[in-house]
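As structure tokens, the structure follows; a few thoughts come after it.
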Amino acid sequence: GEMMYKTGDLGRWLPNGDIEFLGRKDSQVKIRGYRIELGEIENALSNHPDVEAAAVTAITGRQGENELAAYLTGRTSLNAAALRTFLKNTLPAHMIPEHFVQLDSLPLTSNGKVDRNALPAPVGLAMSTGIAYVAPRNRTEEKLAAVWKEVLGRDRISIKDNFFDLGGNSIKIIRMVEAVNRTLGEKLSVVMAFKYPNISELAGFLSERLPLEAELPDEETETDVSTMDETLQILSQGDKR
């Protein structure tokens, strides 16, 4: 006889009276505190002229957090950087997948629907960023590459690759900055990490020891402003705690 709120969560009663969470009735997931409908991302990807079919799912990242992975089939070879740029026109930063994988076809159930449980783990299958591989040229670049590999969960990173095109997000850039400062004994700020989003530029900045001013990236710098806002908000909340 009382009003109840239908959350869309699925669960079951356990013998001890607890409720076990089983997932969602819909395709909604929670990413970095945001409720996201996976279908919205799939629809946005399907609007790309070279994408034939798209499926998006949430996977568990190396640090135990939820991350978005997009699986695509296309008429031609796709690259992650172009897809991210395309999605930025219609989606906020927290809805852009960290992982992009191109498949010959999407696995289907007997009913003809995408079998999300049969989608492969994106590790080792990451789509190219479209940037030619350039190996580290000095000790600083080698150390930065090692940090990026650990934070991003990648085996091979070009010093010209953009951090965000490799799956970087607001949480990962904070971890990257902390690891760089710990490994190299630097005092790199998050704002400067946004300003120099690839290893080559970041290593040059660190070697020249430019003033660590809290300046915003130039207009010419390809930085996702919404990602930066989200990152600074997370840092602000941490300061309040």
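Here are a few things to note about the model shown:
- In the range 60-133, chymotrypsin sites (Phe, Trp or Tyr not before Pro) in a DSSP loop with at most 16 other beta-carbon atoms within 10 Å: Tyr133
- FRET efficiency estimate (nearest 0.05) - Cβ-Cβ, Glu150 to Thr76, R0 51 angstrom: 0.95
- Shown are Ile174, Ile131, Ile36, whose ranking by accessible area with a 1.4 Å probe and every protein chain present, most to least, is Ile131, Ile174, Ile36.
- Added length on full extension, which subtracts the Cα-Cα distance from 0.36 nm per residue, Arg32 to Lys160: 43.3 nm
- Here the mean projected area of the convex hull built on the C-alpha positions of the range 117-168 is 3.9 nm².
- Between the labelled values (i) 31, 22, 20; (ii) 37, 22, 16; (iii) 34, 24, 16, the entry that holds semi-axes √(5λ) of the Cα gyration tensor in Å as derived from this structure is (iii).
- Percent carbon-and-sulfur accessible area, the range 117-164, ignoring ligands, DNA and RNA, probe 1.4 Å: 49 percent
- Ranking by accessible area, most exposed first, for Thr73, Thr90 with a 1.4 Å probe: Thr90, Thr73
- Mean accessible surface per residue for the chain, computed with a 1.4 Å probe while every protein chain stays in place, in Å²: 57 Å²
- Under the combined filter of DSSP loop state and at most 11 neighbouring Cβ atoms within 10 Å, the range 1-102 retains these trypsin sites (Lys or Arg not before Pro): Lys6, Lys25, Arg75.
- Couplings 3J(HN,Hα) of the range 89-96, computed from phi: 6, 10, 10, x, 4, 6, 9, 8 Hz, in residue order, whole Hz [Karplus 6.51 cos²θ - 1.76 cosθ + 1.60, θ = phi - 60°; x for Gly and Pro].
- Per-bin percent of Cα-Cα distances, the range 41-93 [5 Å]: 4, 19, 29, 24, 14, 7, 2
The values are calculated or read from the model by the stated rules, or taken from the named source; none is laboratory data. It should be emphasised that the depicted structure is a prediction, and the values quoted were computed from it without experimental measurement. All Cβ positions, glycine included, derive from the backbone under ideal geometry; neighbour counts span all protein chains shown. Note: areas computed on protein heavy atoms with side chains; ligands, DNA, RNA excluded. Shrake-Rupley method; radii C 1.70, N 1.55, O 1.52, S 1.80 Å.
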